[in-house]
Amino acid sequence: MSVEWAVSQYEILPSTQDKLKEDLFSNSNLQEGSVVCTDIQTKGYGRHGRKWKEGQGNLYFSYLLRPEKDRNFCSQLSLIVGISLIEVIKSYISDGVVLKWPNDILIDNKKCAGILVEAIDIEHENYPAIIVGIGVNISNAPLEISTYLNKHVNECKNISIEQFQKQFFEFFDTNYSKWKELGFEAFKSSFIEYTYPKGSKIGVKIAENKITGEFIDIDNDGNLELLCNKTEKIRKITSGDVFLM
Ligand code: BTN
C-alpha cells in the first residue's frame, strides 16, 4: 500500500527534523507520511550532529515512517532513500552521479544531497517511529565541497523544488513497498549500479579510525564489504564515512 503524504509547508524553520520530532512528541499517533518541509532552514543538521548549511532555493524536508521494524533496519532504509533520490536525480542528470555509502549523493565527487534517518522510541509501542530527513541542493551549493543540481542541467530545464519532491515521493513509495516485502536483497543490484565500481580503492572512517581497502560488494543487510589492505581479509562495515582514495 502506498504512503499517504501529508505535507506541512513552512517559510522558515530551524530544522524540519526537530519540528517533526516535536509534532511526534505532542501526538504519538502522528500518521505515517506526515511531512515537514521548509523554504529556509536555519539550524539543519546531519549525521553525527554535523551542521547542514542553509542556502536559498534548496529542498529541506523530513517525513515520518512506521515500518514496524527495529532500529537496526534504519541503515537499510537510508539506502532505500538514497536509491530513490538518485533515481530522481538520474532522470535529469546522467553523468557523474554516485550514491556514496551509506547516505550521500555526489555529482562529480561533490555532495548534492544528504540523508539522515533517525529512530524514535515511543512509549508502549513495539517499534520505533522513523524520521527521515533529506536536504537536496537544487539551486545553491552552500559549501565549496558541495554542488547543486541546476548547475548540471540545461538552464531552460531547471529543476523545481516542488517537482523534485513530488517525483521523490513516487519513487520512494515504490521502493518502500518493495523493501517491506522483499528486504534489501532486492536492491543490491541497484545499489551496485549507483555506487562506485567494485574494486574501487576506498577508505572508511569509523570514529577516530581509518580502514583502507578495496570495495568488494554490499551484503543482503546493506553492509559494505571491504577487502582490507592491512589484514587482506574481507571486513563487513556497518557504519562509517566512505572516502575515495
Ligand atoms: C547528512 O549529510 O549527514 C544528512 C543531512 C540531512 C539534512 C536534512 S535537511 C532537512 C532535514 N532537517 C535537518 O535538520 N536535517 C535534515
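Regarding GLU170, is this residue surrounded by fewer than 16 Cβ atoms within 10 Å (Cβ to Cβ) and either among the basic types (Lys, Arg) or in a helix (DSSP H, G or I) (or both)?
yes
Of the numbered conditions (1) surrounded by 18 or more Cβ atoms within 10 Å (Cβ to Cβ); (2) more than 13 Å from the ligand (Cβ to nearest atom), PHE25 satisfies every one except a single condition; which is it?
In the conditions (1) surrounded by 18 or more Cβ atoms within 10 Å (Cβ to Cβ); (2) more than 13 Å from the ligand (Cβ to nearest atom), PHE25 misses (1) alone.
Tell me the residue from ILE211, ILE192 that is in contact with a Lys or Arg (Cβ under 8 Å, 6 or more places away or on another chain) and in a helix (DSSP H, G or I), please.
After applying the criteria, what remains is ILE192.
Within region 47-95, track down each residue that is within 16 Å of the ligand (Cβ to nearest atom), in a helix (DSSP H, G or I) and open to solvent by 70 Å² or more (accessible area, probe 1.4 Å).
If the condition is that a residue be within 16 Å of the ligand (Cβ to nearest atom), in a helix (DSSP H, G or I) and open to solvent by 70 Å² or more (accessible area, probe 1.4 Å), then HIS48 is the only one that fits.
Mind counting the residues in region 1-22 that are open to solvent by less than 40 Å² (accessible area, probe 1.4 Å) and more than 21 Å from TRP52 (Cα to Cα)?
Within region 1-22, residues that are open to solvent by less than 40 Å² (accessible area, probe 1.4 Å) and more than 21 Å from TRP52 (Cα to Cα) number 1.
For region 196-205, which positions are open to solvent by less than 50 Å² (accessible area, probe 1.4 Å), free of Cβ contacts under 8 Å to residues at least 40 places away in the same chain and part of a strand (DSSP E or B)?
VAL204
Check whether at least one residue in region 37-60 is within 27 Å of LYS180 (Cβ to Cβ) and without any contact (Cβ under 8 Å) to a residue 12 or more places away in the chain, and report yes or no.
no
Out of (1) modelled with pLDDT of 95 or more; (2) more than 14 Å from GLY135 (Cα to Cα); (3) outside any helix (DSSP H, G or I); (4) out of contact with any helix residue (DSSP H, G or I) (no Cβ under 9 Å at 6 or more places or on another chain), the odd one out for TYR10 is which?
The single condition TYR10 does not satisfy is (4).
What about PRO102, is it open to solvent by 10 Å² or more (accessible area, probe 1.4 Å) and modelled with pLDDT under 95?
Here the answer is yes, as PRO102 does meet what is asked.
If you check ASP39 against the conditions, is it away from the ligand (no atom under 14 Å from the Cβ), open to solvent by 60 Å² or more (accessible area, probe 1.4 Å) and charged (D, E, K, R)?
no
Can you spot a residue in region 177-188 that is assigned to a loop (DSSP other than H, G, I, E, B) and either open to solvent by less than 10 Å² (accessible area, probe 1.4 Å) or over 20 Å from SER84 (Cβ atoms) (or both)?
no
Yes or no: SER146 within 16 Å of the ligand (Cβ to nearest atom), in contact with a helix residue (DSSP H, G or I) (Cβ under 6 Å, 6 or more places away or on another chain) and hydroxyl-bearing (Ser, Thr, Tyr)?
So SER146 does not fit the description; no.
Quick one: is ILE206 more than 18 Å from the chain's Cα centre (by Cα) and either of a type in the set (S, T, N, Q) or within 27 Å of VAL88 (Cβ to Cβ) (or both)?
Judged against the criteria, ILE206 is not a match.
Name every residue in region 216-235 that is over 26 Å from the mean Cα position of the chain (by Cα) and surrounded by fewer than 13 Cβ atoms within 10 Å (Cβ to Cβ), in order of residue number.
LYS230, THR231, GLU232, LYS233
Conditions first: (1) open to solvent by 20 Å² or more (accessible area, probe 1.4 Å); (2) near the ligand (Cβ under 10 Å from one of its atoms); (3) not aromatic (Phe, Trp, Tyr). LEU30 passes all but one, so which condition is the exception?
(2)
The values are calculated or read from the model by the stated rules, or taken from the named source; none is laboratory data. Being a predicted model, the structure only gives us computed values, none of them experimental. Don't worry about glycine lacking a Cβ; one is built from the backbone with ideal geometry, like all the others, and counts go over all protein chains shown. The area values use the complete protein model at the heavy-atom level, side chains included, leaving out ligands, DNA and RNA. Shrake-Rupley method; radii C 1.70, N 1.55, O 1.52, S 1.80 Å.
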